[in-house]
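Working notes, structure below.
Just so it is clear, none of the values below were taken in a lab; they were calculated from the coordinates. Predicted model only: the values in this text are computed from it and were never measured. Cβ: placed from backbone, ideal geometry, glycine included. Neighbour counts: every protein chain shown.
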Amino acid sequence: MHPKKVFPVHDGMLATDRVGGSHAIPKKVLTEHNISFTEMLAGDEAEF
């Protein structure tokens, strides 16, 4: 797989007290590989 866009799909993303830390590393690493990381919080909607 060679994705151009990714988003979190694990239920852990719904725990708002953990979102910052759990999104920081993927965002940094993926951006370095020209892959966009879309943060999704509870209730968010997006089209890909």
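Some values worked out for this structure:
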| read-out | value |
| --- | --- |
| Total formal charge among the other residues, if their Cβ is under 12 angstrom from that of residue 48, Lys/Arg +1 and Asp/Glu -1 | 0 |
| Net charge over other residues, Cβ less than 11 angstrom from the Cβ of residue 36 (K, R count +1; D, E count -1) | +2 |
| Rounded to whole Hz, the Karplus (6.51, -1.76, 1.60) HN-Hα couplings of segment 42-48, x for glycine and proline | 3, x, 6, 10, 8, 10, 10 |
